[in-house]
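Asker: I have a structure I would like to understand better, so I am pasting it below and will then ask my questions one at a time.
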Amino acid sequence: MPAIHPQHEDRRTIQDEAHARPPMPIEKPEAQAWHWVLHAPAGQCGIWPEAFSRTARHQLIECGDGVIRYERHTEFAAITFFGETEPGAATLDLIAACPGPQIAGAKIVISETADPENLFGGARLFGGEALFDGVTVSTDFQIDDTGLVTFAVTGTFEDAFARGRLVKRLLDLETYRLASLLALPLIRRLTPELETLERRAMEATDTIASKAVDLQSAVEDLSATLKDVARFKSSAAFRISAAYAYDDLVAARLASLNETPVGQRQTMKGFVEHRLRPGINSIRAFEARTERVAKTVADALALARTQLDQVAQRNAEALLSSMEKGARQQVHLSQAVEGLSVAAITYYLVGLVGTALKALPETGIPISQIQAVSIPLIALFVWWNVRRAKGLLETL
């Protein structure tokens, strides 16, 4: 019966991802798994042998002496050979033709009865009982002449899938153990530049505290420094984030192994945490320093802009005060001119009144007295008309 609802376009992709990397069943109690991790970011894959698919993310390739499992990840490709013995010359030539520098690698030798001491030549071993009772994992965590780290797995398994589960956890552990520290060489190379940025941030803070600082120039310098810090952060952001993600995977694989010590031998978990944790802490410290530099520069820039705004505000207040003073003087001058205008017009009109009275018959009242009496009336009339004309002009 077909599905009764239309399927989401990504459902099949998600379903396939959930079953994409199952443990490879290892049928024989005596077997080997050889594992190479090559740096092959998407879009920079190089030319792969014809046997490897150019589009598949997961692939099984049958060889005369075993099976090659190919997996493509975000920034690396994993190639694993499974067989009863070590891979033959033809298989190694095929794998050697795959492009990309090797990041990590592991060789797992599985046996029910073999003595792991014979594989390591007296080197110090790490490990313990892992995942299943009676199954012991041993390793020296040293890279041998093949470029791989050897793990010896001894004991009896219930079935091929149990054997494959343990092998997959060990391969993941070695892969992500190395991948998680890829950021360490990068931050060591970037540390001198970080120290330079820290000095620039400190100098910028000291400059802002100076009273003689050119704030506009300081803001421009701080903006340039903040841009450099942002560029610097982005140059390491992906590698640092990937380191944390891989570190989480390492912790998950170590927990899933559920190791118990064998005698006084240090477990793989003890070795990895003792060696890996300082590196991860160094990466975290580098990231924290970078964040502090960015915050210092951003705070200094905010302070400089605040001071610049305060200076601009004081200048604006001074300008407004000057404008207010000028306006007040203009009002006083206008009032003075208005008073002089009223006086002049009044004087002129009183003169006209006197001239007009001289042309009239005498009334017995001296013209000068009539003019004196008319002065307040004429002045009030003139003042009222001047004010009225001024009001009309202001409304235009």
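Asker: With only Lys, Arg, Asp and Glu charged, each at its Cβ (+1 for the first two, -1 for the last two), find how big the charge dipole of segment 31-156 is about the Cα centre; round to the nearest 20 debye. Don't jump to the answer; show the numbers that get you there.
Answerer: Numbers: 6 positive and 16 negative charges, 122 e Å.
My answer is approximately 580 debye.
Asker: Of LEU319, ILE280, ALA298, which is farthest towards the positive pole of segment 268-325's charge dipole, taken about the Cα centre with +1 and -1 on the beta-carbons of Lys, Arg and Asp, Glu respectively?
Answerer: It is ILE280, whose Cα lies furthest towards the positive end.
Asker: Going highest first, how would you order 151-161, 176-186 by mean Cβ packing within 10 Å?
Answerer: Details: 151-161: 18.1, 176-186: 19.8.
Per-residue mean Cβ counts within 10 Å order the peptides as 176-186, 151-161.
Asker: Moving on to the next point. What distance in nm separates the two pseudo spin-label positions at HIS39 and ASN258, each 7 Å out from Cα along the beta-carbon direction?
Answerer: 3.8
Asker: Sticking with this structure for a sec: So between ALA242 and LYS358, what do we pick up on full extension, going 0.36 nm a residue minus the alpha carbon distance?
Answerer: Details: separation 116, 0.36 × 116 = 41.76 nm, distance 11.21 nm.
Length difference between fully extended and current span is 30.5 nm.
Asker: Show THR55, THR306 ordered by accessible area, largest first, where the area counts protein heavy atoms only and the probe is 1.4 Å. Please list the in-between numbers first.
Answerer: On the way: THR55 125, THR306 70 Å².
Descending accessible area places them as THR55, THR306.
Asker: Of ILE208, ALA130, ILE103, whose Cα points farthest to the positive end of the dipole of segment 57-209 (charges on the beta-carbon: +1 Lys, Arg; -1 Asp, Glu; origin at the Cα centre)?
Answerer: Ranked along the dipole, the leading option is ILE208.
Asker: Given +1 on the Cβ of Lys and Arg, -1 on the Cβ of Asp and Glu, and no further charges, what dipole in debye does segment 178-313 carry about its Cα centre, rounded to the nearest 20? Walk me through the intermediate numbers first.
Answerer: Working: 19 positive and 17 negative charges, 130 e Å.
With Lys and Arg at +1 and Asp and Glu at -1, about 620 debye.
Asker: Only bridges with both residues in segment 91-239 count here: give the DSSP antiparallel percent, nearest 5. Write down the numbers at each step before the final one.
Answerer: Numbers: 9 of 15 bridges.
In segment 91-239, DSSP labels about 60 percent of beta bridges as antiparallel.
Asker: What nm value, rounded to one decimal, do you get for the distance between TRP48 and LYS227 when each label is placed 7 Å out toward the C-beta?
Answerer: For TRP48 paired with LYS227, the spin-label model returns 4.1 nm.
Asker: What is the distance, in nm, between label points placed 7 Å from the Cα along the Cα-to-Cβ direction at LEU320 and at GLU9?
Answerer: 5.7
Asker: Using r as the Cβ-Cβ distance of ASN118 and GLU84, and R0 as 22 Å, what FRET efficiency do you calculate, to the nearest 0.05? Write down the numbers at each step before the final one.
Answerer: Numbers: r = 18 Å, r/R0 = 0.84.
Calculated transfer efficiency: 0.75.
Asker: Using the heavy atoms of the protein chains alone and a 1.4 angstrom probe, what is the accessible area of segment 61-201 per residue in square angstrom? Spell out each step's value before the answer.
Answerer: Details: 6040 Å² over 141 residues.
Per-residue value: 43 Å².
The values are calculated or read from the model by the stated rules, or taken from the named source; none is laboratory data. Treat the numbers as computed from the prediction; the structure is a model and nothing was measured. Quick reminder, even Gly has a Cβ in these numbers, built from the backbone with ideal geometry, and neighbours come from all protein chains shown. For the accessible areas, the whole protein counts, side chains as well, though only heavy atoms, and no ligand, DNA or RNA atoms are used. Shrake-Rupley method; radii C 1.70, N 1.55, O 1.52, S 1.80 Å.
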